[in-house]
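The values are calculated or read from the model by the stated rules, or taken from the named source; none is laboratory data. Owing to the predicted nature of the structure, the values given are computational and were not obtained by experimental measurement. Cβ coordinates were reconstructed from backbone atoms using ideal geometry, including for glycine residues, and neighbour counts include every protein chain displayed.
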Amino acid sequence: MAAAARRGGFGLLAGVCLLLALAFFTIPLIALVTEVPLRDVPNLLRDPMVKDALKVTARTNLIANLLFVGIGTPAAYLIATRRFPGRALVVTLVELPIVLPPAVAGIALLAAFGAGGLLGDDLKGRGIFLPFTEWAVVFAVTFVAAPFYLRQAIAAFESVDRTYTDAARTLGAGPARTFWRVALPLAASGLLAGWVLAFARGVGEFGATIVFAGAVQGVTQTLTLTIYAELDANFDAALAIGVLLVVLSAFVLLASKAVTWRR
């Protein structure tokens, strides 16, 4: 009887904790949606500043996603399937931007590619100037978002049963064919989960972007930077952008869960 009472008490405590967590996460979202009438959101999103921010965000995130998925997938596969000296250091360097404060990430990019930086003068001598350009946004998004994809991709490839890849190699498949035909399909759901995290992080990037790229309308001002700019000028527009980003994030998460469930 006492054991049953303890189990019941713990279950009640866990239920209360769950309700508190749900309330903490949902109340701000409900407030965001209710503070601005949904019928007004389309008109608010037609603001020229918002339209420019949508274009900049779409372009820069598309390029950044192509970069870190295209380069990061084979890189993660190599890390996951090989044991080499310094591997722990490599993994640490890959994951380090996850825990860096966003402003520090922006300063690091400036120190690397800005005027007088580690590579900035060499690039400027070749006619390449990155800071406060649209490519600076791409670099900032890639720097802060790619580690989320790489970390999950490494875990996804590590979870692939080596029996299948070894069998493919035994049957004559080369490394590239084994990667494309065996490892990649088996790790696809994990890669998709990593991409969702990276995509959401990239779209919501603020700190590194404003330090390294600035907030020039139509050039480097993304949706999150526009929210900051519109807080005083047009609070309803800032709310509308927030609603848009919530809907986009929810759609991406639900789509990834649907694909994972079907697989």
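Might you let me know whether the stretch 70-93 holds any residue that is within 19 Å of G204 (Cα to Cα) and either at pLDDT 90 or above or part of a helix (DSSP H, G or I) (or both)? Step through it out loud before you land on a result.
If we filter the stretch 70-93 for residues that are within 19 Å of G204 (Cα to Cα), which is where we start, we get none.
No, there is no match, as no residue in the stretch 70-93 is within 19 Å of G204 (Cα to Cα) and either at pLDDT 90 or above or part of a helix (DSSP H, G or I) (or both).
Quick one: count up the residues across the stretch 213-224 that are β-branched (V, I, T) and not in a loop (DSSP other than H, G, I, E, B). Give the steps one after another, and end with the answer.
Within the stretch 213-224, the first condition is being β-branched (V, I, T), and the residues that meet it are 216, 219-220, 222, 224.
Applying the additional criterion that residues be not in a loop (DSSP other than H, G, I, E, B) yields 224.
Result for the stretch 213-224: 1.
Looking at I227, I210, I154, can you tell me which residue is under 26 Å from V91 (Cβ atoms) and either assigned to a loop (DSSP other than H, G, I, E, B) or at pLDDT 90 or above (or both)?
Values: I227 fails: under 26 Å from V91 (Cβ atoms); I210 fails: under 26 Å from V91 (Cβ atoms).
I154 is the lone residue from the list that is under 26 Å from V91 (Cβ atoms) and either assigned to a loop (DSSP other than H, G, I, E, B) or at pLDDT 90 or above (or both).
For the stretch 157-181, which residues satisfy the criterion of being crowded, with 18+ Cβ neighbours inside 10 Å and part of a loop (DSSP other than H, G, I, E, B)? Give the steps one after another, and end with the answer.
Step one: filter the stretch 157-181 for residues crowded, with 18+ Cβ neighbours inside 10 Å, giving 157, 160, 165, 168, 178-179.
Result: V160, single match.
Rundown of residues vs (1) among the acidic types (D, E); (2) outside any helix (DSSP H, G or I); (3) touching a Gly at 6+ places or on another chain (Cβ under 6 Å); (4) at pLDDT 90 or above, yes/no style:
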residue	(1), (2), (3), (4)
A5	no, no, no, no
L12	no, no, no, no
T26	no, no, no, yes
T34	no, no, no, no
V41	no, no, no, no
D52	yes, no, yes, yes
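Looking at N43, is it crowded, with 19+ Cβ neighbours inside 10 Å and either assigned by TED's automatic domain parsing to the domain that holds E230 or touching a strand residue (DSSP E or B) at 6+ places or on another chain (Cβ under 9 Å) (or both)? Reasoning before the result, please.
Numbers: crowded, with 19+ Cβ neighbours inside 10 Å: no; either assigned by TED's automatic domain parsing to the domain that holds E230 or touching a strand residue (DSSP E or B) at 6+ places or on another chain (Cβ under 9 Å) (or both): yes.
Taking the combined requirement at face value, the residue does not satisfy it.
Which numbered condition trips up N65, out of (1) exposed (fewer than 13 other Cβ atoms within 10 Å of the Cβ); (2) in contact (Cβ under 8 Å) with a residue 40 or more places away in the chain; (3) under 26 Å from the mean Cα position of the chain (by Cα)?
Failing condition for N65: (1).
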